[in-house]
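Computed from the coordinates by the stated procedures, all read-outs in this text should not be read as laboratory data. Nothing here was measured: the structure is a model prediction, and the numbers come from that model. Here the Cβ positions follow ideal geometry from the backbone for every residue, glycine too, while neighbour counts run over all protein chains shown.
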Amino acid sequence: MLEKLGFRFRDMVDPFDAGPMLDVPTDEVPLLKLTSPRELVRTVAADACDRTGIVSMMRSDGEFLAVRAPMLIDEKGRVSIPGEHAEALRVRPGDELGVTDMTDGFAQAPAGVAAGSGAQPEKVL
């Protein structure tokens, strides 16, 4: 799966788990290329959303949180998500989020990534 995302084996073994060490330049990861910063403008009901994707937040302490969420992107490029997803991310209107729009069946997304709408908030590690 990682090789499909552009990772390559570097002829080294991880000293902690004895697994292969893989790496990739960050700017070459397809999923990251599809992610853009967007301002959270408000929370909305899930049935008001017309898109779905991955919404993420990098906290000031370095903690990374992400949820698969229904979303609405306005004409200014700002995003709205359901309140329960905003709570899971611990965000409020005005915060900047990472948004990966996966509505169109992952046509541009890497293979092996699954989509869904109306997902329950879940922490992604």
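Inside the stretch 1-74, counting only strands (runs of 3 or more DSSP E) that do not spill past its ends, which hold 1 or more residues that are farther than 13 Å from residue 100 by Cα and under 17 Å from the mean Cα position of the chain (by Cα)?
On the way: elements: 8-13, 20-23, 35-43, 51-58, 64-73.
Passing ranges, in order: 35-43, 51-58, 64-73.
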Right, residue 52: of a type outside the set (Asp, Glu), closer than 29 Å to residue 71 by Cα and surrounded by 16 or more Cβ atoms within 10 Å (Cβ to Cβ) or not? yes
